[in-house]
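Right, one structure below, let's go through it.
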Amino acid sequence: MPLIVKVTPEQVRDVAKQHFAPENQSIDVGGDAKAVGGQLKAFGDVTVTDR
């Protein structure tokens, strides 16, 4: 059995908390800004670009 299968979600979360600061993260979402923009505002500031 590969070792990756033995990693639990809790272990992943603990390591992420140690190495990734949420305030320095960003999430890119592709799609129609009018369709999803309102839904994303619940997660914080939203910047829309047209590229």
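Structure notes:
- Computed per residue of the chain from DSSP H runs no shorter than four, each worth -39500 (n - 2.57), the mean residue ellipticity at 222 nm is -10500 deg cm²/dmol.
- Compared with the dominant principal axis of the Cα atoms in the chain, helix 9-19 is inclined by about 70°.
- Ordering Leu40, Pro9, Ala21 by Cα displacement along the dipole of the chain toward the positive end leaves Pro9 in first place; charges were set at the Cβ atoms of Lys, Arg (+1) and Asp, Glu (-1).
- Ordered by 1.4 Å accessible area with all protein chains kept, Lys34, Lys41 run largest first as Lys34, Lys41.
- Residue-level accessible surface for Val12, protein heavy atoms, 1.4 Å, Å²: 90 Å²
- Once all protein chains are placed together, Val15 keeps about 80 Å² accessible to a 1.4 angstrom probe.
- Spin-label model, Val48 to Ala35: label points 7 Å out along the Cα-to-beta-carbon direction sit 1.4 nm apart.
The values are calculated or read from the model by the stated rules, or taken from the named source; none is laboratory data. Everything numeric in this text was worked out from a predicted model, so none of it was measured. All Cβ positions, even for glycine, are placed from backbone atoms using ideal geometry, and neighbour counts span all protein chains on display. Just the protein is used for accessible areas: all its heavy atoms, side chains included, with ligands, DNA and RNA removed. Shrake-Rupley method; radii C 1.70, N 1.55, O 1.52, S 1.80 Å.
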